[in-house]
Structures are given as structure tokens and as C-alpha cells.
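Each remark here refers to the structure printed beneath this line.
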Amino acid sequence: MIRLAATVRTLSRGTRFVLVGSLLAASLSATAQDLLIRHATVHTASAVGTLRDTDVWVRNGSIAAIGRGLLAPADVPSIDAAGRPLTPGLFAGVTGIGIDEVSAEPSTHDTAITFGATPPQVAQMRPEFDVTLAYNPRSLLLPIARIEGITFTELAAGSEPGGSIIAGQGGLVRLDGSFDAPYAGLRALFINLGGNLSVLSGNSRAGQYLLLDQALREARVAPAAGSANPLLTPAGREVLTGYVSKGRVLVQVDRAADIRRVLALAQREHLHLVILGAAEGWLVANDLAQAKVPVLIDALEDLPDSFDSLAATLENAARLHAAGVAVGFSQRGDASHNARKIRQLAGNAVANGLPWEAGLAALTSVPADALGVGDRLGRIVVGQLADLVLWSGDPLELTSSAEQVWMAGKAMPMRSRQTELRDRYLRAPGRLPRAYP
Amino acid sequence: MRIPAYTALLAALLLPHTASARADGDPYPSTYQPIADGVTVIRHGTVLIGNGQRLEDADVLLRNGVVEAVGKALDAPADARTVDATGKWVTPGLIDVHSHLGVYASPGVRATSDGNEVTAPVTAQVWAEHSVWPQDPGFAAALAGGVTTLQVLPGSANLIGGRGVTLKNVAATSVQAMKFPGAPYGLKMACGENPKRVYGERMQTPMTRMGNMAGYRAQFIEAREYLTQWQDYQQALTKVGKNKKAEPPKPPKRDLRLDTLVGVLKGEIQVHIHCYRADEMANMIDLSHEFGFHIAAFHHGVEAYKLADALAKEHICGALWADWWGFKMEAYDGIQENLALVDRPAASCAIVHSDSAEGIQRLNQEAAKVIGKAARVGIDIAPERALRWLTENPAKALGVAAKTGTLEAGKMADVVIWSGNPFSVYSKAEQVFVDGALLYDRHDRARQPVSDFMLGQGVSP
């Protein structure tokens, strides 16, 4: 039932929690990233679960202590949470935040690379394509997601007609708006499979495995000079080789039979796999659990959207969790603009049998672990970055709102272009048009 | 050859206040029959009437397919189905004014893509009902979300996309057996980016927003001429009277496209306009004045909050998402308080709509998002008020408010029993009644419809 690796990690953190939590905050001068949040209901998203009436002390942007009655230096700003819920910053899901400004406007949309050629013409694969190079930290989408308690995302490379099933690389981004936000060395490779993409594989799903196999062979052994139709460039071979045995490979796949095939492929090639989508994941939950492969699913998917997801059900999350699979959430659809909808996935998964704590973990610690940052993000435990959210009520309820978001202990402005528009039209009209302040 | 039924339709067109004649001229009539399912009394529930009223610890009595009474300690026959709704909430069945269920059915394959006749910018002659596939599994999923009435619309590629149809959400083998009896037709129109993109890319009109406006105006000018031709014909017929020697007048050539537009001019077809930007909604309001028709609702209306007062003044509903935005430029100015601001003026008509097979299952949760965001800016919206966005207001926009949308006595017994406050993410529709028949029960597989398509999909050794 419990994921072994995660258990070991969180137990060791639990020990640190007990030790540090009993200390008083040391008397050092406060920085902009120092903070004491008092009397919160702390949902740690770790093995210790929820702590009532608990204080969290943040020092230099990291969580320094968790406990009752913590004392901080007088110059450290202190907030009385009055029992309101405090959670780690939430995962936006796999999105295009910062690389997809207005989806219908090609000049603002950088999520996929296409070459204008689709099989049966010459296929090209460019795993070296890296969407994080297009990342714009000043995108409007950041504050719009952030004021909803969302603090990190995984930028995805997409597959479009004229592109490739090996879509390229994405990476993890903390949504603090800094220019150097993408985590160096934490790129992930994106592979998109399924019936809807068979146009990219010679009009057969089987062609996708053929192409994957050929690409992996080319990565291992460069084709002889002059070979007909190599899939990869030398740079592509280098990148793809880099993902064998290390780095994350996110494969979007829904059909149960395909999930099993991808699990087998990942085992054979020693890929560190995360499954994205998995609409029929519950049918092969035991295989996923055995392979210790986490899934990022859209818990609202319950219709047979395609012949890849005939077995979609609202109980997917609950059944996968019960089988011991690490379940995180990510939306299908327009996950970038609608990133704030991610809480609705969690709420509905809980309404359909997922334990509440697992619902929160699916927005925090599970994706952080799956994407390789579980030691830094995703939990309220000592030593982690203080990306925190104070909520007006149950964070999985849609009537609740994020009241304050901190990133690395720094209070984020709770404003966005949308709140500015709201405030402009909320007030009664004046003598001058609304365009005047 | 002249069709007798059509003469009746025409008579209706010429006499704007004879509503019954339209049904007589309906060539694809509703065959919907309520299912007899006895008497039901729901006791001790928190009852939201749908019109803004709320009753605590109240009973709802359903008999002969209608709401017979709502109140305390109602008398009910001994053999009535009695539901103890202590701790539960009772509401009218939810109504979605913007669905593509059946016309963009699941699974989303080429063969089920029947929602957009993208062959000309004006296709007022097509009727969505002729595309509806009743076996779309989405209908059952929507029923599990408490939706008992929905309007299925054509898509938004065209300036004038065709007729929408209002359905009762019941399992059936034909669309006729789902058609809401007596509901007026809807007309789908679209502003903005979609028509100009789709046709502009083909180097044809409309390529611009001004092209869009010119396109609508040309159509309604034509419709007026067509109406005049039929009026002249009718006058000539009257003149000839019973004079058998006189040469009978020749009727104008019938045109399906213009029939629909004339229906709009006569106020018999509800006008539903996909329109995002405030400035474009203002243009469409002027268009409606120019040709003398009324707009039932702007759909999507991402900028409706910028002209909430104008919408209320014109009695135009705003059928809106809670928070979709940004997927195209005309959705760039979306805010999460849109519904709350459209709801704010007196005589407003705010509606939660879905335009989504997923969203239609959770209209109540969309409203919950708005309640939460409105509270942040000091607008307190009680559950009984928010529920109007899902019940009474959409019923008005569809022209069926006299029949459904509230739990007032005499209305269709379309009722949902929720496990708790419907605006909690953890609450679910437990039982759904359509015209008094229990057609969905979360705890009874025998009362959960399964479409032909889903049958046997899970069979494996």
C-alpha cells in the first residue's frame, strides 16, 4: 500500500521535524525571506499528515522549524493564521505556463516544434528541442496561477502534426517570476503516444513503437554515414542517450495495453518513467505499482473521449492509489490558462474515494517526487523551500481561496491582470471613463 | 408540392401571437413521453426553489409528473416513494443552455464530429437535432451531475450556425424522444474570431469583424424580403378567397435558411450568440435593434462584466463560464468574477453554461468557484441565489421557464437530491427525477442509464 521510497524519505524528515520543532527560533536578524506563521492547520503533505494549531518558521526562504509556540526574533514578520489551512505551494500540472500566452496566436505559442513533414514522408525527431528556452517568466499566466496557490509546474513539449512523438524536452519551473526559474539539470523528455497521434507514426499506433525503438537504437549506435532516413541529429542522439538511466521521461499515454507496453520499454531501456494521462491506468494499477511508476492524471476524465480511454472513470485516482501507485494530478485540456482548476481535480477525486491527504499529496509531494524535486519542494518539512499557501478554508473546496502565497518565504503580491480588470469594473462608473485610474 | 403543415407554420409567422400554430407546423415533432413512476415525496430537505428562495426542513411532493407542492409536513399517499432528505439539499434539475452533447459525441472521432457545418459562413438551414446521436455517453454523465434539460447547439464556426434544440436529458433511441415538448428553437450565431478565422483563411468573407457584421445584416435584410414575399402571397390568397375561377397565386420558393431567420424576426426562435468581447456584444445589440429581434443570451461573454448594466436593461442573459480565459485573444480579459458582476444589476440574468462534456457534469462546481471569488471582493452570494444561474435563468433563456427551472407547483417534476450543499466539491447528485420519474440513483445500478455505446465495453475474461 505504501510507496517504499517515499516512506523512507518522509520518516527521516519526520525525525528532523521532532528535533527542530522543539527548538526556539534562533535570534538572528530577519531578512525579507523570514517569516513566522502562527496557529495554522498545517497540511504537511508528508508522513506526519496534518498538524493542528501549529507554527511554521521560515528563515532565509526555507522552512526552519515547525511546532507549537515557536518564538521568532521580534523583527521577523508574524502572521496569525487563526487555524486556517496552510499547505505547500501547489503543482500546476504539466502545462505551458510561460510558453503558451494566447493559445490561438502562433506568435505567442512555443510548446511544440514542427518540420512540416509527417510520415510517411521522412520522419524527424528532435529530442534536443527544449521548450524551457522559450520560457517567459513575465507571462501573465504566472501571477494568475500563483494567486490561486500554484507555485510550480512542469513545462511540456507537445506533439503536433508535422512534429514528432518524441516531442522534446521540458522542465520544472517555480512560478516566482525570476528569469532563471527553470531548474538546471532537471529537464524531462516528453513522449506522446496514442491513437490521436498515429498520424505521426505512419498511421499506426504500432508505428510509434517502431519509431521509438529506432530512435533508441540510433542513440546507442550512430547510424553509419549516409544511412537512409536517420531519425536523430547528432545532438538528438546525445540528448536521448542522456535520458537512458537518468533524467525523467514523461510519456503521455492512456490505453491500458499501451501503458503496459511503455512500462516494458522503460524497464528494458532503464528509463525513469512518469506516466501522464493514464485514463485507463486503473486497469493496470498493479503493473504501475510494481514498476513504482508515478502517474499524473486528470481526475475529471470519465468519458470515453477516444478509443484510448474507453475505461475512463472518476474513480481512477482512488483505485490507483489503493493499488499503491503514486498519484499526482495534471489536466488535459488547456492546463496553462486553467491551471487553477487543478484543485477541482483533487476535490472530485476525494469525492470519488481518494483519501483527502492523498488528494493534497497529488497536488504537492507526489508531483515533486515524480519530477525529481521532492527533496526541495512539495512538503512542509524542515529544510524545504518555503513555498507556502494560506487558505480561507479547505483548499480542495472551490469556494475557498488562497489568502496569501509565499515563495521562498517572500510574500507574493496577491494581484494579477485579472484582479486589476476586476477592480476596474467593480467600482461604480465615475466622471471619466474607466481607463482613468 | 405544398405541404399542408407548412401553411399552418406560415399562418403562425404572419400572426405573431398564435403560439400553438408553430407546434402544428413542426415537421420533426417531439415524441417525448414522461415515464410514469408513481408519487414521490422528498422529506426534510434543504430546498432551493430555483428562484432565489430557500426552505429549511421542507418537503417536496411529485405527482403526475409535476411538482404538486413544496412545504412543511406535506400529506402524501401511503404508497408514495418517500425519500428522507434530512441533511440533503433539494433543487430543480439543472439546465445547460450550451451543450454539444450528441453533436460532438464521445468518443471524439471523425464520425461523431457533427457539430459544425463549416461549409459556408451562414448555415441557418441546419438543425442541430439532425446531428444529435442519442447514444452519446455524455448524456448519462450529465444526468449524474443533475442536468435534466439542455440545449444542444451547432458549433461556432459560422456567423449563423443553425438551429439549436432543447432536450430533456432522458435515454432514448431518437432525438425526437428527447425533445423538450413545446420548447422554442434556438438560433446559434457567432461573433468575433471564429468566423473570421475560418473563412478568412479560405480567402473568403468574413475575413474581418466588419465582414462579420456585414454578413449578419445581409442575411436579415434577405429574411425581411422573404417575409414580405410570403405576406404578399398570403394577401393574394385572401384576395382570391373562394373564387374558383381566379388564378391562384404562386407561393414563393421555400428556403430553409430564411425560414429560420424569419422565425427569429417573429420572435419565435430564441437567439443565442457566441460573443466574447464587450464591444462586439454592443454591436450585436444594435443589430438586434436594427432588425427588431431580441437576443436571449450572449454565450461565453468573457467580457460581459464590462456591460452588465446594458445586458440587464436589454433583458439579455449572460451564459458564462466561471473562469475560462486566454485560449484566444477575445478571451484575454476573462475574470473569475464575471458571473457575479453580470448577476449584480436588478433584472439581471446570469447563467452558468458548460460548452463542455466535462463541465456539464459539474455546473454546480462552476458556480461554487464564482461564489468563492465574489466573497473575496465583498459580494456575498447565497446558495439560493447562485442556484438561479443553473435553473431559473437558463430556463428563461431557453423559453421554457413556465415549465421547468424552479420547484414551483405545477412545473415539471425535474428534481435533484444532493448529498449536501451542491456548492461543496464533495457533494454529489444522489437522485435525479425527470418529470417525476427517478431516472438516476447513485446507489442503485438499476436506475443508472448506460448508453448502447458503453454496453459491453468492459467485458473481458
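Taking Cα atoms only, the orientation of helix B:209-240 departs from the longest principal axis of chain B by about 70 degrees. The angle between the Cα long axis of helix A:417-426 and the main principal axis of chain A comes to about 60°, on a 0 to 90 degree scale.
In the neighborhood of residue B:66, defined by Cβ-to-Cβ distances under 12 Å, what is the net charge if each Lys or Arg adds +1 and each Asp or Glu adds -1?
Numbers: positive: B:63, B:403, B:411; negative: B:68, B:408, B:414, B:435.
Overall, the nearby charge balance is -1.
Cβ crowding within 10 Å, taken as a proxy for footprinting-reagent exposure, orders B:447, B:344, A:146 from fewest neighbours to most as B:447, B:344, A:146. Ordering B:158-165, A:349-356, B:393-400, A:130-137 by mean Cβ neighbour count within 10 Å, with the highest value first, yields B:158-165, B:393-400, A:349-356, A:130-137.
What is the mean projected area of the alpha carbon convex hull for region B:67-112, to one decimal in square nanometres?
Values: hull surface 25.8 nm².
Averaged projected area of region B:67-112's Cα convex hull equals 6.5 nm².
Between 0 and 90 degrees, the angle of helix B:4-14 with respect to the longest Cα principal axis of chain B falls at about 90 degrees. With contacts taken as Cα pairs under 8 Å at a separation of at least 6 residues, chain B carries a relative contact order of 20 percent. Distance distribution note for chain A: the fraction of Cα pairs above 30 angstrom is 45%. Structure remark: mean-square fluctuation, Gaussian network model of chain A, C-alpha springs under 10 Å; the largest value among A:274, A:42, A:244 belongs to A:244.
Per residue of B:421-430, count partner chain C-beta atoms within 10 Å of its C-beta, then hand back the mean as an integer.
Mean partner shielding for this stretch: 4.
Rounded to the nearest 0.05, what FRET efficiency do residue A:53 and residue B:443 give with R0 = 35 Å and r taken as the Cβ-Cβ distance? Could you check? Don't skip to the end; give the middle numbers.
On the way: r = 38 Å, r/R0 = 1.08.
The pair residue A:53/residue B:443 has a calculated efficiency of 0.40.
Hull volume per residue, based on the alpha-carbon atoms of the protein assembly as shown and their convex hull, is 193 Å³. Per-residue mean of foreign Cβ neighbours for B:322-335 is 6 (Cβ atoms of other chains, 10 Å radius).
Amide H to amide H distances under 5 Å link residue B:418 with B:89, B:90, B:91, B:430, where only residues 5 or more positions off or on other chains count and H is placed in the peptide plane. For the protein assembly as shown, the mean residue ellipticity at 222 nm estimated from helices alone is -7500 deg cm²/dmol, where every DSSP H run of n ≥ 4 contributes -39500 (n - 2.57) and the total is divided by all residues, rounded to the nearest 500.
So for each of A:286-294, A:315-323 I average, over its residues, the number of other beta carbons within 10 Å; can you give me the resulting order with the highest mean first?
Working: A:286-294: 18.7, A:315-323: 22.9.
In decreasing order of mean packing, A:286-294, A:315-323 become A:315-323, A:286-294.
The ranking of B:406, A:153, A:87 by Cβ neighbour count inside 10 Å, starting from the fewest, reads B:406, A:87, A:153.
If you filter region A:395-437 for trypsin sites (Lys or Arg not before Pro), then keep DSSP loop positions with at most 15 other Cβ within 10 Å, what is left? Here the sparse-neighbourhood loop sites are A:415, A:427, A:431, A:434.
Listed by Cβ neighbour count within 10 Å, with the fewest neighbours leading, B:303, B:201 appear as B:201, B:303.
Within the same chain, lysines fewer than 8 places from residue A:341 are excluded, and of the rest, those with a Cα less than 21 Å from its Cα are B:328, B:369, B:373, B:428.
Please state the charge dipole magnitude for region A:75-205, taken about the Cα centre, from unit charges on C-beta atoms (+1 on K and R, -1 on D and E), reported in debye and rounded to the nearest 20.
On the way: 7 positive and 13 negative charges, 76 e Å.
It works out to roughly 360 debye.
By the gyration tensor of its Cα atoms, with a ≥ b ≥ c the square roots of the eigenvalues, what is the shape of region A:257-387: rounded for a/c under 1.5, prolate for a/b over b/c, or oblate? Kindly include the intermediate steps, with their values, before the conclusion.
On the way: a/c = 1.66, a/b = 1.16, b/c = 1.43.
Since a/c reaches 1.5 but b/c is at least a/b, the shape of region A:257-387 is classed as oblate.
Taking K and R as +1 and D and E as -1, what net charge do the other residues with C-beta under 12 Å from the C-beta of residue B:286 add up to? That works out to -3. Relative contact order of chain A, taken over Cα pairs closer than 8 Å and 6 or more residues apart, is 18 percent. Counting only other chain Cβ atoms within 10 Å of each residue's Cβ, the peptide A:418-429 averages 5.
Laboratory data are not the source of any read-out in this text; all were calculated from the coordinates shown. Because the structure is a prediction, the values reported are computed rather than measured. Cβ atoms come from the backbone with ideal geometry, glycine included; neighbour counts cover every protein chain shown.
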